[in-house]
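The values are calculated or read from the model by the stated rules, or taken from the named source; none is laboratory data. Because the structure is predicted, anything quoted here is derived from the model rather than measured. Quick reminder, even Gly has a Cβ in these numbers, built from the backbone with ideal geometry, and neighbours come from all protein chains shown. Note: accessible area is taken over every heavy atom of the protein model, side chains too, but ligands, DNA and RNA are not part of it. Shrake-Rupley method; radii C 1.70, N 1.55, O 1.52, S 1.80 Å.
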Amino acid sequence: MRPLIAALLATILTAQTALAECRDDAMVVFDGSGSMAGLGFRPVGPPRIDEARGAMARVLPEVEHLRRIGLVTYGPGDACDAINTHFGPIPASATPILDALALLQPQGLTPLAAAVDRAAEALVYRTRPATIVLVTDGNDTCAGRPCALAPRLVAAGADLTIHVLGYKVVGDYAPGTPFASGELPRGEVTARCMAEATGGRYILTETIDELTQALRETLGCYVFGRL
């Protein structure tokens, strides 16, 4: 009987912890750079940004009641300061976020580190536990240093978690790579160090279903293995 009671108490504690984490405010940092107009690892089908928007449209109505969520986007425009803090964490965030993403036209550079820093400020991360979910198809192209930023955010923050979700990340062509092969080389996201430094998750995805699941796992709140 005692082992059963101990197991039950442990399960209740896990559930309470998950619920507490779910109450943390969150910011989505969404990549709107020019590369999001591309087609990904297999150059067929809709642009990456359309698929990423589709994954967000599946998940946000499911999770908007679990926590307040805000939105930062980057990329539209040709300057590295092209970062838009649409709004900080708000309740019932699905429609405002999806409306903002619908207007996002992929263009420009990738000020990834600066956008994450902006999201952290919107979360008042120094005094409140908070979560950032970064959705990107590549690396910072604005001389940002995500691996230097992460320790600074950890040191100053109350309890900040950064999840990094790469979608159809394309690597650079190595010398001798045939362009006629019909496939682009897979890549990695350097900003994975931000997830590792903050206890977040680093997930590379190649399909809408995979990205949808990654968003559920990072924006949602799992209790007993269910959302």
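So the values come out like this:
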item: At q = 0.10, 0.13, 0.14, 0.22 Å⁻¹, base-10 log of I(q)/I(0) for segment 26-124 (Debye sum, equal scatterers on each alpha carbon); result: -0.26, -0.44, -0.51, -1.13
item: Protection proxy ranking, peptides 25-34, 70-79, average beta carbon neighbours within 10 Å, highest first; result: 25-34, 70-79
item: R0 of 22 Å, Cβ-Cβ distance residue 95-residue 126: FRET efficiency to nearest 0.05; result: 0.15
item: Probe 1.4 Å, accessible area per residue of segment 23-160, Å²; result: 40 Å²
item: Gained length - residue 102 relative to residue 58, 0.36 nm times residue gap less alpha-carbon distance; result: 14.4 nm
item: For residue 216, solvent-accessible area (1.4 Å; no DNA, RNA or ligand), Å²; result: 60 Å²
item: Residue-by-residue Karplus 3J(HN,Hα) for segment 114-125, coefficients 6.51, -1.76, 1.60, Hz, glycine and proline x; result: 5, 5, 5, 4, 4, 5, 4, 5, 5, 7, 6, 5
